[in-house]
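*Asks:* The following block contains the structure, expressed as structure tokens.
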Amino acid sequence: LKVPIGADPHNVAVVHAGVNTMRFIGGDWDRATAALDAVYFDMQGRLTSLLGTNSAGIELAGDANFKFSKVAVGPAWPIRQFYVGADDANPLRVLRVPLEMGRWLRRADGNDASPGILLNHAAAQLLWPGESALGKLLWTKKDNKDVPYEVVGIVGDTHLNSYDEASTPTFYEVLSKEPFSGNMPRFLVLRTPSEPSAFYKAIGRELKAAGADAGPPGFVNLEDQLKESAAGRRTMMVYLCGFAGVAVFLSAIGLYGVLAYSVARRTKEIGTRLALGASRSGVLAMILRDGFLLSCCG
């Protein structure tokens, strides 16, 4: 529970808005993507007005094994991919993930002429161990073309699903560069002024006003999710502590019985010592010393 997760989960909720992306299919993919983006950015703007500045971000999980190389033709490394909103719609800023070097993503980083990405610390160390990754180029294949990306910032590693999750090399790309993804889930990351559940109804109203579908949105309290991830270990610790308590109790009863029996057996000896002039404190010290040694062994 003391492991740093690389973010601040307090009062953070992940919201699945319930937008059926298939209704945007029709015509060309660029228009479908733009229409879907417009809905989510409208949601983000409404929720920012409701909750405050830097309180709402948009995220979309991409390819878990997106491959990058450091030169146009060369060995490639699998790096996990996320599409994120730029500027104040960046979920990393909502989560208060530290920016270690460089700058945050801007909308201009989504332009084909100058695509920029963020790397997390694990990816930067994987690709350029012992040196700065800032300003370096990464290459990947898109539509059978070698496409360069510039590293504009390095952010800290995060593991938001569980405390013992490994840090995965990850890069973050501007959401507007994402091709139409069908039913791939997008979600909003929100930071509320107090307990997130108090805002669920108001958030739901804003999502419906922006074009979410009729079904209720899905809410995940990030802090609760982390606690639940440790529930199995906490249960195991409760059992271990319970059994340990029983063991200590049984050991104490056993030690008491042995000590009581030992002293009872030495009643005549104690009487003889006192009759021959031994002091009460000396006899008491002898009994306590023997009992203490036995207790330590026990």
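The values are calculated or read from the model by the stated rules, or taken from the named source; none is laboratory data. Computed from a prediction, not measured in an experiment: that's the story for all the values here. Because the Cβ atoms are built from the backbone with ideal geometry, glycine has one as well, and the counts that use them run over all protein chains shown. Keep in mind that these areas ignore ligands, DNA and RNA; they rest on the heavy atoms of the full protein, side chains included. Shrake-Rupley method; radii C 1.70, N 1.55, O 1.52, S 1.80 Å.
*Asks:* So, in the range 218-257, of the ones that are hydroxyl-bearing (S, T, Y) and in contact (Cβ under 8 Å) with a residue 12 or more places away in the chain, which residue ends up farthest from A17 (Cα to Cα)?
*Replies:* In this case the residue turns out to be S251.
*Asks:* Here's something else I'd like to know. So which residues in the range 24-57 are modelled with pLDDT of 80 or more and part of a loop (DSSP other than H, G, I, E, B), if there are any at all?
*Replies:* Across the range 24-57, the qualifying residues are G52, S55.
*Asks:* Also, quick follow-up: From the set of residues in the range 58-102 that are in a strand (DSSP E or B), modelled with pLDDT of 85 or more and touching a Ser or Thr at 6+ places or on another chain (Cβ under 8 Å), which is nearest to A17 (Cα to Cα)?
*Replies:* Ranking the candidates gives F82 first.
*Asks:* Tell me the strands (runs of 3 or more DSSP E) entirely within the range 157-272 that contain at least 1 residues that are open to solvent by 50 Å² or more (accessible area, probe 1.4 Å), over 27 Å from D8 (Cα atoms) and among the acidic types (D, E).
*Replies:* Passing ranges: none, list empty.
*Asks:* When you scan the range 1-23, how many residues do you find that are of a type in the set (A, V, I, L, M, F, W, C), outside any loop (DSSP other than H, G, I, E, B) and modelled with pLDDT of 65 or more?
*Replies:* Of the residues in that region, 4 qualify.
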